[in-house]
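The values are calculated or read from the model by the stated rules, or taken from the named source; none is laboratory data. All figures in this text were calculated on a predicted structure; none of them were measured in a lab. All Cβ positions, even for glycine, are placed from backbone atoms using ideal geometry, and neighbour counts span all protein chains on display.
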Amino acid sequence: MKSDNMSNLIKNGAIWGFIVLELIFFQIAGEFWSLSERAFMDLDNMLLLLKQSAPIGIIAVGMTVIMINGNIDLSVGATYALCAIVMLDSMSWPFMESLGDWAIPLAWLFALLTGAVLGLINGIIVWKTGVDAFIVTLGSMLGYRGLVFMYNGENPTYHLNWTMVDIAEWDLFGVETPALVFLAVALIVWFVMTRTVHGRNAYAVGNNREAAVNAAIRVGPHMLINFVLIGFLAALSAVTFYSGSGSVNPNDGMLFELWAITAVVLGGTKLIGGAGSIVGTFGGVIAIQLLRKGLGHIGADTATVNLVIGLILIAVLFLDRQLNVKGKEELKV
Amino acid sequence: MTEKTPVLRLEGIVKTFPGVRALDGVSLTLLPGEVHALMGENGAGKSTLMKVLGGIYQPDEGQIIVDEQPVVMSGPLEAKAKGIVFIHQELSLATELSVAENIYLGELPRKRFGLVDWAQLEANTNKILKKLNVGFNAKTRVGSLSIANQQMVEIARALTVDAKAVIFDEPTASLTDAEKVVLFEVIADLQSQGVGIAYISHRMEEIFKITDRISVLRDGQYQGTVNTADTDEEGVTQMMIGRKLDLSRNESHHELGEVAIEVRGLSCGNLYHDVSFEVRRGEVVGFYGLVGAGRTEIAETLFGLRNPSAGTILMNGEEVTIQSPADAIARGISLVPEDRKGQGLVLGMNCRDNMTLPQVGDLTAGPFVSDGAEVAIFDQYRDKLDIRTPGWRQTVGNLSGGNQQKIVIGKWLSMHPNVLIVDEPTRGIDVGSKSEIHNLIRELAAQGYAVIVVSSEMPEVLHVSDRIVAMYMGRIIRTFTSEEVTEDNLIQAISGIEGGKVA
């Protein structure tokens with residue numbers, strides 16, 4: 001039992017160890033290769049990092065819940081883009097324009113509702129048809145993206161409102177709104193997953209669905225709620241990001257689902273469900289963003305960054321597998 | 001027995017599946033405070049009856065009556081709400097969650113806002129665990145428990161609600177003797193609280209130890225209910241299969257050939273130590289011991305599923321290393337595994353494909369799998385082993401346990417092995433098919449196969465083995481020939497008492 005705790009500790013701590021490693025590496029490597037004069041581990045730089053990791057981070061939190069449930073949601077990137085369009089476009093509707101700045105909360109509400117409804121659609125299909133979430137959300141990913149293009153063709157949708165930008169760039173001790181939202185979302189969902197019946201049931205459903213059914217947990221409605229949650233969070237992510245930027249391209253949010261999944265898996269959540277944590281996902285999000293920023297800091301281009309992240313993901317999962325093997329005498333599968 | 005209101009009554013339940021009448025007018029009355037055994041061969045309809053009771057199937061005819069109120073069960077939720085609790089044979093646990101969360105799965109105690117009341121949860125759980133006298137607490141992760149302890153967690157669930165009726169489906173399948181005692185105490189306790197208990201098991205000795213009445217099903221038909229005190233094993237067996245049970249020792253020996261496999265000083269971590277034995281062609285060697293004695297692990301090592309930490313394996317006098325099941329198969333070692341459904345068969349595939357699975361790579365006509373060759377193999381072993389199935393297209397999952405086991409055995413025989421290892425050959429198999437499997441094992445030895453039988457059932461080991469290896473805590477305590485073995489000295493040996501050796 002003791003070694004069980006030990007290997008758990010290693011597994012849960014691994015992502016943080018990895019982050020520390022990254023920080024040290026980039027700090028030192030930065031001294032030699034960086035073009036900028038500033039140190040990597042600079043407070044402003046770290047705050048910026050937190051802000052930049054918010055869009056994917058918020059989605060990854062929702063993805064953690066979905067994946068603990070044993071599902072997956074590939075449609076979040078498209079949902080993100082569609083909600084951004086709804087938010088920005090709605091602000092130029094005539095009745096909204098007449099409201100002045102009061103249009104802002106209404107636009108947010110529209111966007112969040114859109115996200116929740118899109119999630120609801122996914123959830124209802126998964127529940128009622130029993131089709132695997134991978135397939136359902138693969139379909140809705142294409143479908144929702146189709147809606148994005150129907151809205152405004154290949155053209156970007158934009159609406160710049162300076163009040164909205166101010167809100168998006170507002171800060172508390174240097175922590176800007178997107179970062180605050182990310183932290184709050186992570187905290188709330190962490191609380192839900194560890195302290196509430198719904199959260200604990202999510203683990204049970206993902207771990208052994210039959211057992212959950214036998215224990216009279218209503219699996220369908222349970223998963224529906226989680227799909228609504230991730231739709232809502234994808235929308236929230238769009239709201240925090242586009243309130244500041246004011247312009248959305250129809251291709252925005254592409255591959256977001258995969259980045260979110262990468263962060264979740266790096267953070268130790270099992271692909272087959274039943275195990276994982278929000279704290280781990282938070283670490284995973286930060287680790288990826290650190291890699292991107294750090295490699296940029298020492299002058300690597302985007303292609304290299306992706307290659308390195310891919311390699312690290314595989315290495316981490318391999319290590320995880322090794323840690324899970326209980327010893328040489330273990331039964332081979 | 002005085003007139004009591006039955007807690008649960010089933011009346012004339014009929015359930016048909018396409019082509020099968022799984023239940024044909026079954027009636028059953030469960031009184032408060034009684035332990036009522038439900039017996040029958042596999043495929044007799046016990047599990048179907050339980051599924052009807054649990055609301056997983058709806059009956060075509062007949063009624064379920066709880067407390068003299070006819071009810072329609074819509075699912076496990078409703079059954080539980082009505083005070084009917086199921087303890088499933090197959091573990092139904094979330095291994096990543098704690099013991100407490102598993103016991104209260106689906107009904108975690110709540111505070112405001114849907115928050116889990118952890119303090120209450122832990123207190124309740126520890127109270128139950130104390131009653132069960134187990135060595136783990138509410139916070140232990142279920143995945144880190146042994147199978148037997150996981151079974152205890154499953155049993156603990158029965159104690160969470162004010163149950164009117166508890167249905168135990170083969171609860172002792174993976175329990176050790178000590179744990180069985182605890183389970184029986186729990187049952188007695190429930191009984192004294194006036195709970196009606198339905199107890200499904202194949203193990204006669206348990207049935208006679210703890211039950212008050214026995215109901216028997218055969219081929220979906222209700223065969224009657226008897227008071228346990230008024231009958232004996234033979235009587236029940238006759239009701240179940242219509243013939244007598246053979247509990248004798250194996251007396252005939254076949255002509256022995258050369259040593260097929262020899263093991264010297266084999267060890268594997270702390271699973272087993274310094275194990276040495278040999279098996280000759282034409283011989284059946286039985287491995288007997290308690291759960292956890294290391295028998296299955298030895299079988300798995302021989303089949304290349306575990307790497308031994310010390311010792312050698314010799315086949316036909318040559319030292320061999322077996323790295324993987326592929327190695328083992330190539331050397332003519334076959335394993336009929338303990339967990340038939342999980343490890344031995346692909347349940348969703350048909351009979352033919354399951355049987356030809358290990359050699360399908362060789363059965364090709366050009367680039368395609370040769371249907372004809374596959375069917376030929378299936379037909380051959382179906383006839384040889386008397387596998388009863390409507391045809392090779394039948395999905396294996398729909399066959400009875402005995403026929404499934406024959407498919408697994410047929411699969412390996414068709415590979416023409418030298419050594420056949422059979423782990424728990426008749427677990428979960430009814431009495432009738434059991435003796436068929438036993439005869440089959442004897443016959444295989446007669447044909448010159450070297451056979452290793454791992455079993456937890458003494459009658460089985462006594463019945464099929466030429467020699468019996470008794471194991472205790474990962475060590476071989478003694479090897480018996482079938483002439484010198486008695487029930488007493490065998491039990492002593494597997495309990496770690498070596499005295500028998502001198503005598």
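Is one or more of the residues making up region B:65-81 part of a helix (DSSP H, G or I), charged (D, E, K, R) and farther than 30 Å from residue B:221 by Cα?
Step one: of region B:65-81, the residues part of a helix (DSSP H, G or I) are B:76-81.
After this cut, where a residue has to be charged (D, E, K, R) as well, the list is B:78, B:80.
Checking the rest, the ones that are also farther than 30 Å from residue B:221 by Cα come to none.
Within region B:65-81 (the criterion being part of a helix (DSSP H, G or I), charged (D, E, K, R) and farther than 30 Å from residue B:221 by Cα), the answer is no, since none of the residues qualifies.
Okay, residues lined up against (1) within 18 Å of residue A:253 (Cα to Cα); (2) touching a strand residue (DSSP E or B) at 6+ places or on another chain (Cβ under 9 Å); (3) not in a helix (DSSP H, G or I):
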site	(1), (2), (3)
A:96	no, no, no
A:106	no, no, no
A:109	no, no, no
A:115	yes, no, no
A:126	no, no, no
A:131	no, no, yes
A:136	no, no, no
A:142	yes, no, no
A:150	yes, no, no
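Say whether the condition of being closer than 24 Å to residue B:486 by Cα, free of Cβ contacts under 8 Å to residues at least 40 places away in the same chain and β-branched (Val, Ile, Thr) is met by at least one residue in region B:384-402. Let's see the steps before the verdict.
Step one: filter region B:384-402 for residues closer than 24 Å to residue B:486 by Cα, giving none.
The answer is no, given that none of the residues of region B:384-402 is closer than 24 Å to residue B:486 by Cα, free of Cβ contacts under 8 Å to residues at least 40 places away in the same chain and β-branched (Val, Ile, Thr).
Would you mind finding the one in B:142, B:181 that is in contact (Cβ under 8 Å) with a residue 40 or more places away in the chain, of a type in the set (Val, Ile, Thr) and either within 26 Å of residue B:427 (Cβ to Cβ) or in contact with a Cys (Cβ under 9 Å, 6 or more places away or on another chain) (or both)?
Values: B:181 fails: in contact (Cβ under 8 Å) with a residue 40 or more places away in the chain.
Criteria check complete, one pass: B:142.
With the requirement that a residue be in a loop (DSSP other than H, G, I, E, B) and of a type outside the set (Val, Ile, Thr), what does region B:147-202 give you?
Within region B:147-202, the subset in a loop (DSSP other than H, G, I, E, B) is B:160-164, B:170-176, B:193-195, B:201-202.
Once the filter is applied, which keeps residues that are in a loop (DSSP other than H, G, I, E, B) and of a type outside the set (Val, Ile, Thr), region B:147-202 yields B:162, B:163, B:164, B:170, B:171, B:173, B:174, B:175, B:193, B:194, B:201, B:202.
Kindly provide the set of residues from region B:48-82 that are of a type in the set (Ser, Thr, Tyr) and more than 14 Å from chain A (Cβ to nearest Cβ), ordered by number. It would help to see each step written out before you state the result.
First, the residues of region B:48-82 that are of a type in the set (Ser, Thr, Tyr): B:48, B:57, B:74.
Answer for region B:48-82, where residues must be of a type in the set (Ser, Thr, Tyr) and more than 14 Å from chain A (Cβ to nearest Cβ): B:48, B:57.
For every residue, the table says whether it meets (1) touching a Gly at 6+ places or on another chain (Cβ under 8 Å); (2) surrounded by 12 or more Cβ atoms within 10 Å (Cβ to Cβ).
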position: A:100; (1), (2): no, no
position: A:112; (1), (2): no, yes
position: A:117; (1), (2): yes, yes
position: A:130; (1), (2): no, no
position: A:144; (1), (2): no, yes
position: A:152; (1), (2): no, yes
position: A:161; (1), (2): yes, yes
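For region B:103-158, which residues satisfy the criterion of being over 15 Å from residue B:176 (Cβ atoms) and within 24 Å of the chain's Cα centre (by Cα)?
B:103, B:142, B:143, B:144, B:153, B:154, B:156, B:157, B:158
Which members of region B:442-486 meet the condition of being without any contact (Cβ under 8 Å) to a residue 24 or more places away in the chain, charged (D, E, K, R) and surrounded by 20 or more Cβ atoms within 10 Å (Cβ to Cβ)?
B:478
Whether any residue in region B:213-230 is surrounded by fewer than 18 Cβ atoms within 10 Å (Cβ to Cβ), in the same structural domain as residue B:130 (by TED's automatic domain parsing) and assigned to a helix (DSSP H, G or I) is what I want to check. Can you show your working first?
First, the residues of region B:213-230 that are surrounded by fewer than 18 Cβ atoms within 10 Å (Cβ to Cβ): B:219, B:221, B:224-227, B:229-230.
Retained after the next criterion (residues that are in the same structural domain as residue B:130 (by TED's automatic domain parsing)): B:219, B:221, B:224-227, B:229-230.
Of the ones still in play, those that are also assigned to a helix (DSSP H, G or I) are B:229-230.
Yes; the residues of region B:213-230 include at least one that is surrounded by fewer than 18 Cβ atoms within 10 Å (Cβ to Cβ), in the same structural domain as residue B:130 (by TED's automatic domain parsing) and assigned to a helix (DSSP H, G or I).
Would you say residue A:202 is surrounded by 20 or more Cβ atoms within 10 Å (Cβ to Cβ), modelled with pLDDT under 90, within 12 Å of chain B (Cβ to nearest Cβ) and out of contact with any Ser or Thr (no Cβ under 7 Å at 6 or more places or on another chain)? It would help to see each step written out before you state the result.
On the way: surrounded by 20 or more Cβ atoms within 10 Å (Cβ to Cβ): yes; modelled with pLDDT under 90: no; within 12 Å of chain B (Cβ to nearest Cβ): yes; out of contact with any Ser or Thr (no Cβ under 7 Å at 6 or more places or on another chain): yes.
Taking the combined requirement at face value, the residue does not satisfy it.
Does residue B:189 satisfy the condition of being within 14 Å of chain A (Cβ to nearest Cβ) and among the acidic types (Asp, Glu)? Break it down into steps so the answer makes sense when it comes.
Values: within 14 Å of chain A (Cβ to nearest Cβ): no; among the acidic types (Asp, Glu): yes.
Considered against the rule, which asks whether it is within 14 Å of chain A (Cβ to nearest Cβ) and among the acidic types (Asp, Glu), residue B:189 comes out as no.
In the list B:91, B:108, B:38, which residue meets the criterion of being closer than 24 Å to residue B:147 by Cβ, of a type in the set (A, V, I, L, M) and either in a loop (DSSP other than H, G, I, E, B) or touching an Asp or Glu at 6+ places or on another chain (Cβ under 8 Å) (or both)?
Details: B:108 fails: closer than 24 Å to residue B:147 by Cβ; B:38 fails: either in a loop (DSSP other than H, G, I, E, B) or touching an Asp or Glu at 6+ places or on another chain (Cβ under 8 Å) (or both).
So the residue among B:91, B:108, B:38 that is closer than 24 Å to residue B:147 by Cβ, of a type in the set (A, V, I, L, M) and either in a loop (DSSP other than H, G, I, E, B) or touching an Asp or Glu at 6+ places or on another chain (Cβ under 8 Å) (or both) is B:91.
When only residues in region A:256-274 that are part of a loop (DSSP other than H, G, I, E, B) and surrounded by 20 or more Cβ atoms within 10 Å (Cβ to Cβ) count, which is farthest from the chain's Cα centre (by Cα)? Explain how you work it out, then say what you get.
As a first pass, look at region A:256-274 and keep what is part of a loop (DSSP other than H, G, I, E, B): A:267-274.
Then drop every residue that is not surrounded by 20 or more Cβ atoms within 10 Å (Cβ to Cβ), which leaves A:267-269, A:273-274.
Working: A:267: 12, A:268: 14, A:269: 13, A:273: 16, A:274: 18 Å.
Only one residue fits best here, namely A:274.
Quick check on this structure: which one of B:453, B:422 is touching a Gly at 6+ places or on another chain (Cβ under 8 Å), part of a strand (DSSP E or B) and of a type in the set (Val, Ile, Thr)? So that I can check it myself, show each step before the final result.
Numbers: B:422 fails: touching a Gly at 6+ places or on another chain (Cβ under 8 Å).
Exactly one of B:453, B:422 is touching a Gly at 6+ places or on another chain (Cβ under 8 Å), part of a strand (DSSP E or B) and of a type in the set (Val, Ile, Thr), namely B:453.
Going through region B:130-146 one residue at a time, which ones are within 29 Å of residue A:194 (Cβ to Cβ) and in a loop (DSSP other than H, G, I, E, B)?
Initially, region B:130-146 is screened for residues within 29 Å of residue A:194 (Cβ to Cβ), giving B:130-132, B:134-146.
Residues satisfying the conditions are B:134, B:135, B:136, B:137, B:138, B:139, B:140, B:145, B:146.
For region B:266-360, which fully contained helices (runs of 4 or more DSSP H) count at least 2 residues that are in contact with a Phe, Trp or Tyr (Cβ under 7 Å, 6 or more places away or on another chain) and under 24 Å from residue B:466 (Cα atoms)? Explain how you work it out, then say what you get.
Working: elements: B:295-302, B:325-330, B:351-355.
Per the criteria, B:295-302.
Does residue B:439 satisfy being without any contact (Cβ under 8 Å) to a residue 24 or more places away in the chain, over 24 Å from residue B:341 (Cβ atoms) and not hydrophobic (A, V, I, L, M, F, W, C)? If you could, list the steps in order and put the result at the bottom.
Values: without any contact (Cβ under 8 Å) to a residue 24 or more places away in the chain: yes; over 24 Å from residue B:341 (Cβ atoms): no; not hydrophobic (A, V, I, L, M, F, W, C): yes.
Spelling it out, it is not the case that residue B:439 is without any contact (Cβ under 8 Å) to a residue 24 or more places away in the chain, over 24 Å from residue B:341 (Cβ atoms) and not hydrophobic (A, V, I, L, M, F, W, C).
Among the residues of region B:307-316, are any surrounded by 19 or more Cβ atoms within 10 Å (Cβ to Cβ), within 14 Å of chain A (Cβ to nearest Cβ) and out of contact with any Lys or Arg (no Cβ under 7 Å at 6 or more places or on another chain)?
Within region B:307-316 (the criterion being surrounded by 19 or more Cβ atoms within 10 Å (Cβ to Cβ), within 14 Å of chain A (Cβ to nearest Cβ) and out of contact with any Lys or Arg (no Cβ under 7 Å at 6 or more places or on another chain)), the answer is yes, since at least one residue qualifies.
Pick from A:197, A:192: which is of a type outside the set (S, T, N, Q), at the interface with another protein chain (Cβ under 7 Å from one of its Cβ atoms) and more than 16 Å from the chain's Cα centre (by Cα)?
Values: A:192 fails: at the interface with another protein chain (Cβ under 7 Å from one of its Cβ atoms).
The conditions single out A:197.
Of the conditions (1) farther than 30 Å from residue B:455 by Cβ; (2) touching a residue at least 40 places away in the same chain (Cβ under 8 Å), residue B:166 fails just one. Which one is it?
Only one criterion is unmet by residue B:166, namely (1).
Given the structure, is residue B:157 closer than 18 Å to residue B:34 by Cα, in contact with a helix residue (DSSP H, G or I) (Cβ under 7 Å, 6 or more places away or on another chain) and either not aliphatic (A, V, I, L, M) or not assigned by TED's automatic domain parsing to the domain that holds residue B:124 (or both)?
On the way: closer than 18 Å to residue B:34 by Cα: no; in contact with a helix residue (DSSP H, G or I) (Cβ under 7 Å, 6 or more places away or on another chain): yes; either not aliphatic (A, V, I, L, M) or not assigned by TED's automatic domain parsing to the domain that holds residue B:124 (or both): yes.
Answer is no for this residue.
Can you find, within region B:83-116, the residue that is farthest from the other protein chains (Cβ to nearest Cβ) among those that are closer than 26 Å to residue B:195 by Cβ and touching a Ser or Thr at 6+ places or on another chain (Cβ under 7 Å)?
The selected residue is B:99.
If I filter region B:416-427 for residues that are in contact with a His (Cβ under 9 Å, 6 or more places away or on another chain) and crowded, with 23+ Cβ neighbours inside 10 Å, do I get at least one hit?
Looking through region B:416-427, at least one residue is in contact with a His (Cβ under 9 Å, 6 or more places away or on another chain) and crowded, with 23+ Cβ neighbours inside 10 Å.
Quick one: would you say residue A:225 is modelled with pLDDT of 90 or more and within 14 Å of chain B (Cβ to nearest Cβ)?
Working: modelled with pLDDT of 90 or more: yes; within 14 Å of chain B (Cβ to nearest Cβ): yes.
Criteria met by residue A:225.
Run residue A:250 past the list (1) over 20 Å from residue A:117 (Cα atoms); (2) more than 14 Å from chain B (Cβ to nearest Cβ); (3) more than 19 Å from the chain's Cα centre (by Cα) and report the number of the one that doesn't hold.
It is condition (1) that residue A:250 fails.
Please enumerate the residues belonging to region B:8-35 that are at pLDDT 85 or above and in a loop (DSSP other than H, G, I, E, B).
Scanning region B:8-35 gives B:31, B:32, B:33, B:34.
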